[in-house]
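Single-structure report; data block below.
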Amino acid sequence: MAEKEELTYKEAIQEASGSITRFPLIPVKGVPLMSYIVEIWDSIWAFSPDPSDILIATYPKAGTTWTQEIIDLLLHNGDAAACKRAPTPIRSPFLEINSPPPIPSGLDLLKNMNPPRLIKTHLPFHLVPPGFLEKNCKIIYVARNAKDNLVSYFYFDNMNLCQPEPGPWEGYIHKFMRGELSWGSWYDHVKGYWLEKEKRNILYLFYEDLKENPRHEVERIMRFLDLSVSDEVIDKIVENTTFKNMKDNPMTNYSCIPPSVFDQSISPFMRKGEVGDWKNHFTPEQIKIFEEDYEKQMKDVNIPFRSLI
Ligand code: PPS
């Protein structure tokens with residue numbers, strides 16, 4: 001069953017890949033989004049979730065897939081076989097994604113699923129469809145330190161042939177600092193959810209905490225979702241969601257997307273999965289420029305990103 005679904009998805013994307021291109025960005029309420037998302041913006045904004053739906057919100061490359069897998073496993077009491085029923089983007093649809101037919105859009109996938117649905121979004125807080133807030137849906141936000149997030153996004157923009165052309169590394173850093181990449185400013189994104197988290201039903205997590213103590217974070221997610229699984233199940237979930245296991249798992253490593261769209265020979269989707277890889281990329285001069293700018297952009301908030309990374 002799972003294999004069949006995966007094949008269907010892969011074949012559909014393969015079939016449509018002739019019409020897939022690096023899409024231009026168009027601003028929506030000041031946030032640059034790929035044109036094919038903007039085309040269906042009104043339907044995205046009007047999306048009406050069920051109160052039991054769970055939203056996983058992230059800036060791209062902050063640990064979305066990892067968190068999707070943890071939550072799907074929690075919802076299935078750690079049953080790894082159940083979580084191999086289909087690839088991640090089928091089990092946990094990407095709300096705003098819209099691809100050429102016959103690839104199903106996130107909204108089309110959601111239409112055919114029963115709540116509680118596990119929904120992924122990269123939309124910044126002010127672009128989250130109001131239905132999620134009106135229904136008080138649980139939102140799990142994952143933030144990753146800016147420099148690692150930027151490095152990961154750079155590799156992704158090179159291998160994802162739908163995303164705008166990243167250009168050279170030096171210029172990419174400046175695009176990131178100016179908020180010109182798809183889904184806009186990292187700084188506004190992490191701040192937007194941070195400032196709302198007390199008022200809303202938001203659990204705010206950090207990628208670095210997940211790396212350091214996954215068990216602790218899995219337990220926090222479990223409690224937030226009002227679930228209760230045994231210690232043994234938590235151990236299994238931690239084990240099934242290690243970087244290595246998710247990289248080797250065809251249902252989580254995005255091998256469901258053909259190379260005409262995700263060219264994993266340029267960079268694997270499960271690339272390194274580490275904290276501090278930025279040190280292998282930034283020059284001392286780039287660190288100085290980036291950190292000076294960071295101080296300015298983040299001065300109005302005190303989000304506890306690790307100081308040593
Ligand atoms: S996406 O395309 O926005 O949904 O990507 P996302 O899943 O948010 O982020 C991908 C990065 O997360 C890393 N990753 C993991 N790290 C540690 N452990 C696990 N289990 C894990 N799963 C995914 C993935 O390798 C990408 O980071 P980089 O730094 O590029 O390796």
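Quick notes on this structure:
- Answer residue from the range 216-234, given it is open to solvent by less than 80 Å² (accessible area, probe 1.4 Å) and not aliphatic (A, V, I, L, M) and is farthest from the ligand (Cβ to nearest atom) among those: Ser230
- Subset of the range 18-31 (residues that are open to solvent by 20 Å² or more (accessible area, probe 1.4 Å) and at pLDDT 95 or above): Leu25, Ile26, Pro27, Lys29, Gly30
- Summed over the range 185-215, the residues that are assigned to a loop (DSSP other than H, G, I, E, B), modelled with pLDDT of 95 or more and away from the ligand (no atom under 14 Å from the Cβ) give a count of 3.
- Positions within the range 76-126 being within 16 Å of the ligand (Cβ to nearest atom), in a helix (DSSP H, G or I) and out of contact with any Phe, Trp or Tyr (no Cβ under 8 Å at 6 or more places or on another chain), in sequence order: Cys83, Lys84, Arg91, Leu109
- Residue within the range 200-210 that is on the phi > 0 side of the Ramachandran plot and out of contact with any Ser or Thr (no Cβ under 8 Å at 6 or more places or on another chain) present: no
- Just one of the listed residues (Ser182, Ser152) is open to solvent by less than 20 Å² (accessible area, probe 1.4 Å) and not in a helix (DSSP H, G or I), namely Ser182.
- Where a residue in the range 29-50 is in contact (Cβ under 8 Å) with a residue 24 or more places away in the chain and its partner, wherever it lies, is open to solvent by 10 Å² or more (accessible area, probe 1.4 Å) and among the acidic types (Asp, Glu), with Cβ under 8 Å and at least six apart: Pro32/Glu180
- The residues listed here are Ile140, Ile103, Ile119; of these, the one that is under 29 Å from Leu73 (Cβ atoms) and at pLDDT below 95 is Ile103.
- The set of residues in the range 29-64 being of a type outside the set (Gly, Ala, Ser) and more than 22 Å from Ile202 (Cα to Cα) consists of Lys29, Pro32, Leu33, Met34, Tyr36, Ile37, Val38, Glu39, Ile40, Trp41, Asp42.
The values are calculated or read from the model by the stated rules, or taken from the named source; none is laboratory data. Keep in mind the model is a prediction, meaning the values are calculated, not measured. For neighbour counting, all protein chains shown are included, and Cβ atoms are generated from backbone atoms with ideal geometry for every residue, glycine included. Protein only, heavy atoms only, side chains kept; ligands, DNA and RNA dropped before computing areas. Shrake-Rupley method; radii C 1.70, N 1.55, O 1.52, S 1.80 Å.
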